[in-house]
Amino acid sequence: MYIFFKNNTQIGTTSSDEVELSTATSKVLVDDYDEANIYTLVDGEAVGTIKPEPTAEEISANQVIYQATKYQSDRANAYPSLEAQADMAYWDRQNGTTTLDDAITAVKEAHPKPTGV
């Protein structure tokens, strides 16, 4: 496995000798590459150390971010397609109805934005 380095810090990997990374300053072949390691460049040699486990604070922060933004992907998946929305908008204008607004409101109520976000 080849490891790309910038400022002696690992920034990428590739199994191909032909691949180059324009932002890398070095590319080193590591015969005993281990995904569990993070590599640094020391005197031109890749030195692996075990990646640290995330702390409870990091896990908690990631969970907060996930919960705070999950509603966005839930809504995106629940909204009618753009074609369906355009059709609803057309017929709403023709008939004086609120089908599109009702559909959007239903999605927003089913997947509310968390408070404080």
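What follows draws every value from the coordinates through simple rules; no lab data is involved. Being a predicted model, the structure only gives us computed values, none of them experimental. Using ideal geometry, Cβ is built from the backbone for each residue, glycine included, and neighbour counts are taken over all protein chains shown.
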- [ ] State the Kirkwood hydrodynamic radius of region 56-110 in Å, one decimal place, computed from all pairs of distinct Cα atoms.
- [x] 13.1
- [ ] Could you pull out every whole DSSP H run in the chain that spans at least 24 Å of Cα extent along its own axis and averages -1.0 or higher on the Kyte-Doolittle scale?
- [x] 56-78
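Rounded to a whole number, what is D in µm²/s for region 2-50 from Stokes-Einstein with the Kirkwood radius over alpha-carbon pairs (4 °C, 1.567 mPa s)?
Estimated diffusion coefficient is 121 µm²/s.
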Task: FRET efficiency, Tyr79 to Thr49 (Cβ-Cβ, R0 41 Å, nearest 0.05) - done: 0.35
Task: Overall dimensions of the chain as given by Cα atoms, namely Rg and Dmax in Å - done: 24.8, 75
Task: FRET efficiency, 1/(1 + (r/R0)^6) with R0 35 Å, evaluated for Val64 and Ala106 via beta carbons - done: 0.80
Open item on the list: Tell me the mean residue ellipticity at 222 nm calculated for the chain from its helices only (DSSP H runs of n ≥ 4, each -39500 (n - 2.57), averaged over every residue, nearest 500).
Closed with: -14000 deg cm²/dmol
Task: Translational diffusion of region 49-88, µm² s⁻¹ [Kirkwood Rh, Cα pairs; Stokes-Einstein; 4 °C; 1.567 mPa s] - done: 99
